Amino acid sequence: MTRSSPLAVALGVLGVVFIVVAALYAVGALQIATSSATGPHYKHAILFAVLAVASFVGANFARPKTAT
Amino acid sequence: MAPLTLAQALFMGLLQGASELFPVSSLGHAVIVPSLLHWSFKQSDPSFVPFLVLLHLGTATALLVLYRSEWVAIIRGFFTAAIRGQMKTDTERLAMLLLVGTIPAAVLGVFLESRIKSLFASPYVAAGFLVANGFLMLGFEILRRRAEGRATLASESRREQEAHFGSAEQISFLAAAIVGACQAFAFLPGISRSGVTIGGGLLAGLRHEEAARFSFLLATPVILGAGLVEMPGLFQGGVPVGEYLAAAVLAGIAAYASARFLLRYFRSGRLDPYGWYCITAGLASLALLHFSL
């Protein structure tokens, strides 16, 4: 196990959390920091989906590489 | 009824497209100029937001056309590096720098943009921030001249001086994130998005032309994304899509021409003329607004 593994795991978990948050905004179940208190918030959902992608990319960068 | 006449829509398209990429704040101009011209259209009209969306999509399209081959390489580089988990080429690094630079702007944009814009959407405030933007541009150049002085480049020509600084691919990830976050200052009408990102690039050690290139590449996903998420508003009844599309095309043409001009200008030019323009235009606007001329 190399030192970068915990970071990769943390970023992977963060990515999953962001996906859940994105889904909650998309279905209108989450209303935190939104301009209206009802309905879906696609702008927030897209943002958290992008953050999820960035987290997974980061996790892949942080994952231990095998020598080729 | 449309909030704008066709002539006003075309004028606003030209103004937005021309001023979006120049470091002079398109939002500031969009707030100040209609007030100075005593135009009485309602910016609160439901069809005004789709109008702004189309203008921004016009500008984003111009940037995509300008950098079309580079964007193809950047997107390919992004997926290659993301899947491999390693950056091996300059293009792959640039793709990741753009991702890192875009995220802070997107987060701040989604959570703060509408609140900040509604707080400061007054022509007086916009004129005041335009003056501040001018001093900011001059400040960036003062710091840059100090860096040139430390590197004893004073005796060299401008092109030789510029050659000592780096390209967009060489900026650090921290600097890319900070430059990206600086885009949030552009929510203040009068503060220029391209101005703060070009200035940030200069502070990070980029050549002027490369700072402008990084600024334009960084702006593309933000402008495009902000436009696309507002697209559903275009399909509401009462939106004069034909007139607004004509204005968007004009905005795109103006943005393309201004980007080409700026990339050429920044091979040896500096931000100073735009700084002086902003100070002069801001002070003149304040005087005109105050005396209701």
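The values are calculated or read from the model by the stated rules, or taken from the named source; none is laboratory data. None of these values were measured; they are calculated from a predicted model. Here the Cβ positions follow ideal geometry from the backbone for every residue, glycine too, while neighbour counts run over all protein chains shown.
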Item to check | Selection from the range B:74-87 of residues that are of a type outside the set (Val, Ile, Thr) and either under 18 Å from residue A:52 (Cβ atoms) or more than 12 Å from chain A (Cβ to nearest Cβ) (or both) | outcome: B:76, B:77, B:78, B:79, B:81, B:82, B:85
Checklist outcome for this item: Within the range A:1-22, residues touching a helix residue (DSSP H, G or I) at 6+ places or on another chain (Cβ under 8 Å) and assigned to a loop (DSSP other than H, G, I, E, B) come out as A:4
Next on the checklist: Being at pLDDT 90 or above and either at the interface with chain B (Cβ under 9 Å from one of its Cβ atoms) or not in a helix (DSSP H, G or I) (or both) is the filter here; which residues of the range A:23-43 pass it?
Outcome noted: none
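I need a count of the residues in the range B:226-248 that are out of contact with any Gly (no Cβ under 6 Å at 6 or more places or on another chain) and within 16 Å of residue B:62 (Cβ to Cβ). So that I can check it myself, show each step before the final result.
Taking the range B:226-248 first, the residues out of contact with any Gly (no Cβ under 6 Å at 6 or more places or on another chain) are B:226-246.
So of that shortlist, the ones also within 16 Å of residue B:62 (Cβ to Cβ) come out as B:226-228, B:245-246.
Residues that pass the stated criteria total 5.
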Next on the checklist: Condition (residue is buried (at least 17 other Cβ atoms within 10 Å of the Cβ), touching a residue at least 12 places away in the same chain (Cβ under 8 Å) and within 18 Å of the chain's Cα centre (by Cα)) applied to the range B:237-246: is it met by at least one residue?
Outcome noted: no
Checklist entry - Are any residues in the range B:92-142 within 10 Å of chain A (Cβ to nearest Cβ), under 17 Å from the mean Cα position of the chain (by Cα) and surrounded by fewer than 17 Cβ atoms within 10 Å (Cβ to Cβ), and if so, which ones? => result B:113
Checklist entry - For the range A:54-68, what are the residues that are surrounded by 15 or more Cβ atoms within 10 Å (Cβ to Cβ) and more than 7 Å from every other protein chain (Cβ to nearest Cβ)? => result A:55, A:56, A:58, A:59, A:62
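Regarding residue B:181, is this residue among the aliphatic types (A, V, I, L, M), surrounded by 24 or more Cβ atoms within 10 Å (Cβ to Cβ) and in a helix (DSSP H, G or I)? Step through it out loud before you land on a result.
Details: among the aliphatic types (A, V, I, L, M): yes; surrounded by 24 or more Cβ atoms within 10 Å (Cβ to Cβ): no; in a helix (DSSP H, G or I): yes.
When the stated conditions are applied, residue B:181 does not pass them.
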